[in-house]
Amino acid sequence: MAPRLLEIDCNRDDGLTVRIRPKTLDLLSADTRGHLRAANKELLLALRSVIDSAIEYTDRKEQRARRPRRIQVRVGDAPPEEAAEEN
């Protein structure tokens with residue numbers, strides 16, 4: 001059996017997994033190897049973009065959680081309605 005160059009696995013929970021066996025790359029032409037390197041770089045750039053987006057989302061979520069908010073302060077033992085009427 002000839003060695004497999006590419007193995008693709010699709011799983012609903014894990015997503016799509018693509019495996020390229022490095023030892024078999026020697027069987028390919030220089031042009032094809034160049035395309036695979038370029039595709040690998042594009043994939044890494046796409047992953048960087050996904051990670052950057054996740055970081056930005058997390059930062060926005062933290063900023064929303066830190067926003068000042070108004071709270072009602074009770075004076076003494078008076079219920080909130082009575083405290084508001086006294087002022």
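The Cα atoms of region 6-66 give a gyration tensor whose axes a ≥ b ≥ c have a/c of 1.5 or more with a/b no greater than b/c, which makes the shape oblate.
Modelled label positions at Arg60 and Leu28, each set 7 Å beyond Cα in the direction of Cβ, lie 3.6 nm from each other. In this calculation the C-beta distance from Ile51 to Ile20 is compared with R0 = 22 Å, giving a FRET efficiency of 0.50. Our estimate of slack between Glu7 and Arg74, defined as 0.36 nm per intervening residue step minus the Cα-Cα distance, is 17.5 nm.
Averaged over residues, the count of other Cβ atoms within 10 Å places the peptides 33-44, 8-19 in the sequence 33-44, 8-19, highest first.
Values in this text are rule-based calculations from the coordinates and carry no lab data. The structure presented is a predicted model; accordingly, all values stated were derived computationally and were not measured. Cβ coordinates were reconstructed from backbone atoms using ideal geometry, including for glycine residues, and neighbour counts include every protein chain displayed.
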